[in-house]
Amino acid sequence: MFSSLPSLNVTTLIQQPTSPPRDPQQEGQPQVPAHAHHPDVRLFGLGIFLVADGMTFAGFFAAYLTYRAVNPLPVNAEYELELLLPAVNTLVLLASSLTFHRSSKALMANRMAVCRGWLLLTAALGVTFMAGQMWEYFHLPFGLTDNLFASTFYALTGFHGLHVTLGAMMILIVWWQAGSKGYFTTENHFGFAAAELYWHFVDGVWVVLFALLYLL
Amino acid sequence: MPIPASILTLAAGILLALISLWAGQNINLMPVAAADDAGTVDALFKVLFSIGVGLLLGITAMLVVALVHFRRRDGDHLDGPAVEGNLPLEVFWTAVPAIVILILGVYSYDIYAQMGGMADFHHHTSMPPREVEQVSLGHPADPETVIWGGIDRTDGMAFPVEVTAMQFAFIFHYPRQNFTTGELHLPLGQPVELRLKSNDVIHAFWVPEFRLKQDVIPGQPTVLSFTANRQGDYDIVCAELCGPYHGGMRSKVVVEDPRSFEEWLVHNTPATVATAPDSSPIA
Amino acid sequence: MTTNALPVSPHHREPHPVDVQHHTPWHEYFGFSLDHKVIGIQYLVTGFFFYLVGGALAGMIRVELVTPLSDFMARETYNQVLTLHGTIMIFLWIVPVVNGAFGNYLVPFHVGARDMAFPRLNAVAFWMLPPAGFLLLSSYFIGGAAQSGWTAYPPLSITTPAVGQVIWIVSVLLLGGSSIFGAVNFIATILKLRRSGLGLFQLPMFCWAMLGTSVLVVLATPVLAGALILLSMDIVAGTGFFNPALGGNAVVYQHLFWFYSHPAVYIMVLPAFGLVSEILPIHARKPLFGYRSMIYSILGIVFLGLIVWAHHMFTSGTPPWMRLFFTIATAIIAVPTGIKFFNWLATLWQGKLALNSALLFCCGFIFNFVFGGITGVALAQVPFDVHVHDTYFVVAHFHYIVFGGTVFVIFAAIYHWFPKISGRLLNEHLGRLHCLLSFLGFNICFFPQHWLGLNGMPRRVAEYDPQFQLVNQISSVGALLLAISTLPFLINVAWSLWKGVPAGDNPWQACTPEWLTSSPPPVENWLHEAPLVTEPYDYGSPEDAMPVTTVQGRELWSAGR
């Protein structure tokens, strides 16, 4: 009956990095294990998903640019946006990409304490960014439904802020996971790598957003 | 002696071409044409129809021949020939459609430009002195008065009518005479210019006999200019889903000879305009 | 033979041990299964359920249109029905079935994998479907479904009752998310999970179609999601993105919407192209003609499909340069599409055509799609489009594409792969009856609608000019026939599942990897290593081959063999 698994050979075992056995209760059933027997392409999948996510932003940007080009605002609705805080915020976010990168370096060098330190700093920078955003929201001279620019501003920054919030939560989870010994190793750290890829993506989107919304 | 396949193919091709040409010229699927450019659109349609008939008949014939002639006979368990490609053939059926399509594209662009579809409303220097180009004090013009698009070839010489669409009716306002009706009257043979505005949702102004349609978009006035060239009553149809009574949103356009049109105008022009002492002339 | 790994030749199959667990327990089809074959069947059955629902809605539309007056149902209800019909048929029947059902069932086989790259994500993507569907249907009972058509153009969608519209948005967002998850899975599976030794240009055409489709899904669907998020803010939060009364721009929505919804046509049609490319060579016993050019035309369609959206907006007051650009781009897309059809005809030519239901449905598809393609090229010409835009001509055109095209292929694919899925053949007599009735019903229903559109009947109307009554009635008769055509199919499936002729592992003597295993396949797809099929269309005998059954030794000798 179990002779049906002759293909569990060496090559497939090599490509199976996941540390704990998946589902102990399914052990011994012939049909389950092979689901896991392929190279880990989760990061690749996340990359494709981020392309999709980026297209959502691209749609928003396109709408915003079209509005700018063809839908003039009422005279009382042309604002000079405060630049200092968003510029500082941009630097904060860029710095957080850098700190995540340092954390990744530390992980690859198997220095977990350093890795966690940089992670925590990254999360802190993310939270700082969100705090800055909140401060800006409460001090802006316009509300969500005031006019087209206001709505677009809040929609874009809000959608991005949602991403930052999610990212910060992911980083904290990864930070917590990194605390248990051997959870991430130099070879096997999908959760960490996913959070990093996502975080860089969110930063990249912000740079475009900042250029379009504040500088243009 | 069997007839060579190449001769049969040639004959079939000629027959197909003749049938398509005949079909294009003799099968009329369009309603009567009642505007100047409707005839040109119909001519384009005839070309498209000919090509379409030829292509469809040709492909269907090949399909049917294949199904009949190459059907698997009882007891035949063999494969067909292992033909996987034929470069000259593939180049042929890539290049010919591409060329046909490009020619069609140029042809229809030409017609469309002739209809006035390529008029540039934002930088139109010879634009009629419509309310559009009011003084702009460094600000872009108010979107409510800018013309956003449409079909325009008349260079301001056309007779203007303002069309307002709302759920679920079209209202026609004659700015020069300053009156409003629910039935559009147009002079035969004279260029007219409809300025279309919507009060609520998107509608579309369509007169099938004119072969013209233009969306009426709230916040984005559009224009439609043409010359009606056939007397009669035609339906104006709303072609964009606009709510429950969309299907009932129809109106009538009456194309009449210039004299009776003038009479109709005078008859409908409110007396107040004629007697108002200091009303500045509109348009 | 050019294949060079384990059991490859279709003509001899490896006997498999009988004692292997073949049958997936029935309850697994109702649960969170991770098996790509189970998920594929879940998609298929769920999709077919919604096809019946959407078909019933179409029936209601055709009944309403038997008379020129709005007398069968309330006008609001009519708009709800047409909105639900469009949304269900697109998002819950065609997209999930050609992508989710056949993609999931076949792609792992074709790349030589045991499952999709992300089985859990796959199951999640499927299980987003039933809630979204039932949410959509339930909106009819709580305050009425959306009334603004499947296009949901603002400002109409902002002014119609909000509850139905918001539920519609949530439902479409769920379905779009499901579609994106599916696409991520397909891209990863096709690019990263191929059996070692299997190159991209050795894949069956369906994989290329799914790859192209998934690229379109990933690039286009999120834009629709963004547009719908903004639309829901307009409805719920009182913003004015698309509301001109608040300074917004209604046409921007149309751009964002069609940036997805035109590629959506290819998302529905490319997998169908792929399926046809699988089915035809097998039943014609010939290799797929022009393998490479088929791939390049898929890539061409993907690229062009992303830059033609504004041809849906020729009357929307778009700038002239845009109309010019989109006319040319749209018409050009006929070239790669045409290549595919010529290749299929060349595949059939000189073949040994088995006139079974699968092949006949494919031929019906070719006729219908060519018809729809011709009207499509006509619609790309702006002067003509200005006349027929938003009329029954367009309705007829896109039904020729998505119904006459894709749905016919779905049925062809069911007849073709049913033996693999169930282990039993479908009844051919009922199948051919189904095909005949579908073909007649479809053409009687939609062919006359071209004339209606040309002569002045707009789409989405509950009432119309009395001069169109006769033709509308003919169309409704066709719709009735179409509804009836489903009966032989349902009977056939039910009966064949129960008593159908056992199919054997490879009833069509096919080369592609899904046939090189048992029917139904084991959970792991193959008992041994996945077969390496580098020539998926290795049919046909060399031109100078002699029939083995009739040939005599002397002839071989005299032919110098």
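Read the figures in this text as sums done on the coordinates, not as results from a lab. None of these values were measured; they are calculated from a predicted model. Positions of Cβ are backbone-derived with ideal geometry, glycine not excepted, and every protein chain shown enters the neighbour counts.
Taking B:E240, B:E263, B:E193 in turn, the Gaussian network model of chain B (Cα-Cα springs below 10 Å) assigns the largest fluctuation to B:E263.
Bridgeable lysines around B:K252 (alpha carbons under 20 Å apart, same-chain partners fewer than 8 residues away excluded): B:K197, B:K213. Note on segment C:40-63 and segment B:202-246: Cα centroid distance 35 Å, given to the nearest whole angstrom. Note that segment C:367-497 shows a convex hull volume over its alpha carbon atoms of 101 Å³ per residue. Excluding same-chain neighbours fewer than eight residues apart, the lysines reachable from A:K105 by a Cα-Cα span under 21 Å are A:K181.
Suppose we look only past 23 Å in the calculated P(r) of segment B:142-275. What percent of the Cα-Cα pairs does that tail hold?
Values: 2628 of 8911 pairs.
Above the 23 Å cut-off, segment B:142-275 has 29 percent of its Cα pairs.
Enclosing the Cα atoms of chain C in their convex hull gives a volume equal to 156 cubic angstrom per residue. Straight Cα distances below 23 angstrom link C:K499 to the lysines C:K37, C:K420, with same-chain residues fewer than 8 positions distant left out. Compactness of segment C:285-341 was expressed as the Cα radius of gyration divided by 2.2 N^0.38 Å, which yields 1.42.
In peptide B:73-80, what is the residue-averaged number of other protein chain Cβ atoms found within 10 Å of each Cβ? Don't jump to the answer; show the numbers that get you there.
On the way: counts 1, 0, 1, 4, 6, 10, 14, 15.
Averaged over the peptide's residues, the number is 6.
What number, in nm² with one decimal, is the all-direction average of the projected area of the convex hull of the alpha-carbon atoms of segment B:1-107?
Details: hull surface 42.2 nm².
Over all viewing directions, segment B:1-107 projects a mean Cα-hull area of 10.5 nm².
Counting only DSSP beta bridges with both residues in segment B:161-283, what percent are antiparallel, rounded to the nearest 5?
On the way: 28 of 38 bridges.
Taking every DSSP beta bridge with both residues in segment B:161-283, the antiparallel ones total about 75 percent.
Using bins of 10 Å that start at zero, the share of Cα-Cα pairs per bin across the protein assembly as shown amounts to 2, 10, 18, 22, 20, 15, 9, 4, 1, 0, 0, 0, in whole %.
Sorting the Cα pairs of segment C:181-225 by distance into bins of 10 Å, from 0 upward, gives 27, 51, 18, 4 percent per bin. For segment C:224-382, the extents of the C-alpha atoms along the principal axes are 65, 32, 24 Å, listed from largest to smallest. Here is the P(r) of segment C:161-261: all C-alpha pair distances, binned every 5 Å from 0, give 3, 12, 18, 17, 14, 10, 8, 7, 5, 3, 2, 1, 0 in whole percents. Our compactness index for segment C:211-311, the C-alpha radius of gyration over the empirical 2.2 N^0.38 Å, is 1.46.
Counting pairs of alpha carbon atoms under 8 Å apart in space and at least six apart in sequence, what relative contact order in percent does chain B give?
Details: 426 pairs, mean separation 50.0, N = 283.
Computed over chain B, the figure is 18 percent.
The Cα center of segment C:203-228 and the Cα center of segment C:327-404 differ in position by 21 Å.
Dipole orientation for the protein assembly as shown: of the candidates C:T330, A:F184, A:L162, A:F184 has the Cα lying most toward the positive pole (charges on Cβ; Lys, Arg +1; Asp, Glu -1). Computed over segment C:31-181, the percent of Cα pairs more than 18 Å apart is 58.
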